[in-house]
Amino acid sequence: MIKRKVVLRFPAAVVELPFIYTLAREFDVVANILKANINPRKEGSMVVELSAEDEKYEAAVNYLQSRGIVILPLEQQIIWVEDRCTQCGACTVICPTNALWMKRPEMTVSFCSEKCVVCEQCLKACPARAVEALYLAGE
Amino acid sequence: MKQLRTIKEINEKIAKGKVVVATAEEIVSMVAEKGVEKTARQVDVVTTGTFGPMCSSGAFLNLGHTTPRMRMSKVYLNGVNAYAGIAAVDVYLGATEIPETDPANSVFPGAFNYGGAHVIEDLLSGKKVLLEATSYGTNCYPLQKLEKWITLDDIKDAYLFNPRNCYQNYNVAVNLSDRTIYTYMGILKPHLGNANYCSAGQLSPLLNDLLYRTIGVGTKIFLGGGVGYVAWHGTQHNPHAPRTEGGVPRGGAGTLALIGDLKQMSPKYLRGVSFLGYGVSMQVGVGVPIPILDEEILQFTAVSDEEILAPIVDYSEAYPQGTEEILGEVSYAELKSGTIVIRGKEVPTAPLSSYPKAKEIAETLKQWILKGEFTLTEPVAALPSAEFAVNFARQPEKE
Ligand code: SF4
Ligand code: SF4
């Protein structure tokens, strides 16, 4: 079983192609779309989590490439939106690495991206939704 | 007790630009340095502040009459139901209301991304909000359906009315069970994984006026970035809660019902928040000025984090089952250090209530008073209080 988050880049010609449907129907691949975007030039990019049996995953990747879709490994990054942060500290007891931490006695919260392991636990633990995940395609 | 000054005299000093104001944080060290008598003679007003999730909040809105007229019986703002069981175009939008389409906790733990508090924040941010209203129609109010985008400017009257804010002290929430629980006190990890508390401690309004000697009905305050008033004692107001010898409640005690013009407020001090697996709430910023009329009032404002104790409550069992059982008491000084010890285990703490924002509010209110933009009011009625002989000499016993 393979489960992988990837970035798919596809040219304008493919935008109309129901490839997510084909993945499910012909390759038994479950594609969970995390983010999708189509630019004004009609080129698309999509962050998906693909899960399938090993051989079927390979076949699905071949199918996507044969249609001109580029598959890139995903790099995620956590963005702390300081302006939205209300310094409530809720994330600081949830973050496993102290990337989000509270300076005492000032009681102010800061984010240290080097310590972040992108476990995403803070995303929903933050009541003010001040942390966001950014998906980048690694080349 | 000898009266040092009246509210009228303080207001005269404000008008002349001669008033002396300190925040509830500054006053602690001032009293420690100069003593009660000297500080009381010097300082006219102490400003307090708090900024935390306060679920019992919401806004009365008058949506304005339409042509033809409508007696709105069901009203939604961005999909969030506002209570319309009052006059034709009046509604009450509760902070914790969620859209009927929200899956809530059917997929556990629910995310609760949007609710009444977010609608209030969106309105304050100048965003357009979708108003949908239906009615059964009457001879005098024939219109039966309305759908339009509105902004805060299109709303005729909008005032915040929060039935319970500013809890005087609160629980420290922990989880003794073996699985993560999702509460209004945030995510609580199993086996005492973390301890969440929710009070600004020494800066918090009612922890500076322990027996409600100056805060009463009609007291003018900082509310959500604008000016508001104490409308009444809040729901669940309990002046008879157990207290330390210094008069500090050892858990939730007094509360305030607050009112103020929403149109003056700012999204900086009224924020929609989502508690995973629990629901929506609103972070509310409140600041209350305390006139130093005599030495006892000053001594109350000088109560420090070391002297304020909060009960530790297990939210996996004791709280939901409503047993009164507590696991001990800790001071806000210990809570603010970042770790407390419960049953021999070091447990990391998180405040939920923002201390930097509370400080910012106390400081803003101080500046308003110093600049002569904000005067003090005499309460028109007292809040229910307790008969309590305070012993300032004795510190509360620690755990
Ligand atoms: S993603 Fe994980 S490691 Fe990174 S800040 Fe959030 S909780 Fe901490
Ligand atoms: S939980 Fe969110 S709002 Fe609270 S301190 Fe962390 S990032 Fe800031």
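The values are calculated or read from the model by the stated rules, or taken from the named source; none is laboratory data. The model shown is predicted, which means the values in this text are computed figures rather than measured ones. Positions of Cβ are generated from backbone atoms using ideal geometry, with glycine treated the same way; all protein chains shown enter the neighbour counts. Note: accessible area is taken over every heavy atom of the protein model, side chains too, but ligands, DNA and RNA are not part of it. Shrake-Rupley method; radii C 1.70, N 1.55, O 1.52, S 1.80 Å.
Just a few scattered comments:
- Count of region B:184-233 residues which are open to solvent by less than 20 Å² (accessible area, probe 1.4 Å), touching a residue at least 60 places away in the same chain (Cβ under 8 Å), away from chain A (no Cβ under 11 Å) and part of a strand (DSSP E or B): 6
Per-residue answers, yes or no, for (1) more than 10 Å from ligand 2 (Cβ to nearest atom); (2) at negative phi; (3) in contact with an Asp or Glu (Cβ under 8 Å, 6 or more places away or on another chain); (4) not assigned by TED's automatic domain parsing to the domain that holds A:Ala12:
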residue	(1), (2), (3), (4)
A:Ile38	yes, yes, no, no
A:Glu43	yes, yes, no, no
A:Ser51	yes, yes, no, no
A:Tyr57	yes, yes, no, no
A:Ala90	no, yes, no, yes
A:Val93	no, yes, no, yes
A:Glu106	yes, yes, no, yes
A:Val117	yes, yes, no, yes
A:Ala125	no, yes, no, yes
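- Residue tally, condition hydroxyl-bearing (Ser, Thr, Tyr), within 14 Å of chain A (Cβ to nearest Cβ) and farther than 21 Å from B:Ala231 by Cα, over region B:241-280: 2
- Scanning region A:103-120 for residues being more than 9 Å from chain B (Cβ to nearest Cβ) and open to solvent by 90 Å² or more (accessible area, probe 1.4 Å) gives a total of 4.
- Given (1) more than 8 Å from ligand 2 (Cβ to nearest atom); (2) open to solvent by 50 Å² or more (accessible area, probe 1.4 Å); (3) within 14 Å of chain B (Cβ to nearest Cβ), index of the condition A:Arg129 fails: (1)
- For region B:335-382, a residue qualifies if it is within 14 Å of another protein chain (Cβ to nearest Cβ), touching a residue at least 60 places away in the same chain (Cβ under 8 Å) and in a loop (DSSP other than H, G, I, E, B), and the qualifying residues are B:Pro351, B:Leu352, B:Ser353, B:Ser354.
- Considering residues of region A:53-83 that are open to solvent by 80 Å² or more (accessible area, probe 1.4 Å) and within 14 Å of chain B (Cβ to nearest Cβ) only, the residue farthest from ligand 1 (Cβ to nearest atom): A:Asp83
- The one condition in (1) over 24 Å from B:Tyr229 (Cβ atoms); (2) within 14 Å of another protein chain (Cβ to nearest Cβ) that B:Ala95 fails to fulfil: (1)
- If the condition is being small (Gly, Ala, Ser), open to solvent by 30 Å² or more (accessible area, probe 1.4 Å) and in a loop (DSSP other than H, G, I, E, B), then region B:83-110 contributes B:Gly85, B:Ala87.
- Those residues of region B:44-71 which are in a loop (DSSP other than H, G, I, E, B), hydrophobic (A, V, I, L, M, F, W, C) and surrounded by fewer than 24 Cβ atoms within 10 Å (Cβ to Cβ), in sequence order: B:Cys55, B:Met70
- Checked against (1) crowded, with 24+ Cβ neighbours inside 10 Å; (2) touching a Pro at 6+ places or on another chain (Cβ under 7 Å); (3) more than 22 Å from B:Tyr184 (Cα to Cα); (4) of a type outside the set (Asp, Glu), B:Phe275 passes all but a single condition, namely (3).
- Test result for B:Ala389, away from every other protein chain (no Cβ under 14 Å) and farther than 27 Å from B:Leu223 by Cα: yes
- Scanning region A:95-104 for residues that are in contact (Cβ under 8 Å) with a residue 24 or more places away in the chain and more than 8 Å from ligand 2 (Cβ to nearest atom) yields A:Cys95, A:Pro96.
- For the residues B:Ala59, B:Ala22, B:Ala82, the requirement of being small (Gly, Ala, Ser) and out of contact with any Leu (no Cβ under 8 Å at 6 or more places or on another chain) singles out B:Ala22.
- Which listed residue is crowded, with 20+ Cβ neighbours inside 10 Å and in contact with a Pro (Cβ under 6 Å, 6 or more places away or on another chain), from B:Val119, B:Val80, B:Val75: B:Val80
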